[in-house]
Amino acid sequence: MKIFKSESFVDYSTYTFNYAIYCLKESQSELPEIYNKGFLPYSNNIELMQETYYLARSLRVDLKNFKETSENRRVIRKIEDKKPNYSIKTIDEFDIQNEDFQSFCLDFASKRFSENISKERLNYILKSKSISHIFEFSLDQKKVGYVIAIIENDMLHYWFAFFDLNFQEYSLGKYMMFSVIDWAAKNNLKHIYLGTSYGEKSLYKIRDFKGLEFFDGNQWNDNIKLLKSKCKTDKSFTLDYFKQDTDLFLENLSNEL
């Protein structure tokens with residue numbers, strides 16, 4: 001792997017000159033180490049040909065400490081009358097070009113994701129060499145959700161999840177996340193990574209699962225009280241400021257590559 005820094009937010013009034021940290025994956029076998037160092041896959045720039053990872057306050061479950069909570073059991077009871085089921089397919093077994101599947105994902109993303117997911121970006125994600133499996137969920141034998149997963153050795157990354165919003169009353173999203181975590185635990189994996197943990201919208205992950213740790217910039221930290229406090233006080237940058245920084249990042253990253 002190759003780790004490098006790219007200039008990021010600048011606030012001259014406080015003499016704050018940030019440099020974001022990124023990683024280039026050079027082989028598939030590096031994935032567990034890349035995730036263990038706090039990196040997550042970057043997919044916003046579909047022009048990047050080499051798989052790039054960014055360092056962030058990422059979240060994972062240490063599966064040796066995972067166990068069902070009362071909230072997990074409540075979600076299971078709530079959905080069990082719908083006869084929930086899921087299957088796991090390797091990326092080679094799954095038809096990622098299926099129009100119904102892609103339309104399903106894009107419709108969900110347009111309604112629930114804060115960032116834009118175009119068809120081009122969706123295909124860029126699905127063709128990532130790191131993706132290994134897709135979890136396919138059904139209720140009453142109807143397909144209602146998908147989880148794009150990266151599994152390598154003893155780790156799993158729960159990367160993107162898409163589900164039928166008509167089943168929100170059954171806590172379908174929570175059920176899917178619990179099911180994948182539970183599968184990972186039962187299959188003797190060591191860690192499952194759940195993405196970033198910023199802002200109050202991340203609190204549902206933090207409240208619902210045991211064995212959580214977050215990457216604090218230096219190490220994995222299991223102080224969940226501190227993590228909740230950070231999420232509740234995270235700053236919200238204006239869209240214009242974020243767009244300006246993103247443009248700068250893309251220019252700098254292209255130069256690095």
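So here's what we get for this one:
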quantity	calculated
Cα gyration tensor, the range 75-127 - rounded (a/c under 1.5), prolate or oblate	oblate
Shape of the range 102-163, Cα gyration tensor, a/c cut at 1.5	oblate
Centroid-to-centroid separation of the range 94-170 and the range 7-35 [C-alpha atoms, Å]	26
Karplus 3J(HN,Hα) series, Hz, for the range 191-196 with 6.51 cos²θ - 1.76 cosθ + 1.60 (x for Gly, Pro)	9, 10, 9, 10, x, 7
For the range 2-256, with +1 on Lys and Arg beta carbons and -1 on Asp and Glu, the positive-most of Asn188, Asn223, Ser202 along the dipole	Asn223
Nearest-20 debye value, the chain charge dipole, Cβ charges on Lys, Arg, Asp, Glu	1120
Residue-by-residue Karplus 3J(HN,Hα) for the range 160-165, coefficients 6.51, -1.76, 1.60, Hz, glycine and proline x	10, 10, 10, 8, 6, 5
Cα gyration tensor, the range 63-172 - rounded (a/c under 1.5), prolate or oblate	oblate
Amide H contacts of Phe160 (H built 1.01 Å from N, under 5 Å, at least 5 apart or other chain)	Ile148
GNM result for the chain, Cα springs below 10 Å: residue of His133, His157, His191 fluctuating most strongly	His133
GluC sites (Glu not before Pro) restricted to the range 73-160 and DSSP loop, no more than 15 other C-beta within 10 Å	Glu93, Glu115
Phi to ³J(HN,Hα) by Karplus 6.51 cos²θ - 1.76 cosθ + 1.60 over the range 214-230, Hz, x for Gly, Pro	10, 7, 9, x, 10, 7, 7, 10, 9, 7, 5, 4, 5, 4, 4, 5, 4
Label of the coordinate-derived value, percent of Cα pairs over 31 Å apart, listed as (i) 48; (ii) 15; (iii) 25	(iii)
For Tyr42, distant residues with modelled amide H under 5 Å away	Thr52, Tyr53, Tyr54
Those GluC sites (Glu not before Pro) in the range 1-61 that DSSP places in a loop and that have at most 10 other beta carbons within 10 Å	Glu47
DSSP loop trypsin sites (Lys or Arg not before Pro) with at most 12 other Cβ within 10 Å excluded, longest remaining stretch of the chain	130-234
Most fluctuating residue given options Leu48, Leu63, Leu227, as computed from a GNM of the chain linking Cα atoms under 10 Å	Leu48
Inter-part distance where the range 201-234 and the range 44-67 are each reduced to a Cα centre, Å	15
Rounded to 10°, Cα long-axis angle of helix 172-186 versus longest principal axis of the chain	90
DSSP-assigned coil residues among chymotrypsin sites (Phe, Trp or Tyr not before Pro) in the range 1-89, each with at most 10 further Cβ atoms within 10 Å	Tyr15
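Every number here is computed from the coordinates shown, using simple stated rules; none is lab data. All values derive from a computational prediction rather than experimental measurement. Every residue, glycine among them, receives a Cβ derived from its backbone with ideal geometry; neighbour counts consider all protein chains shown.
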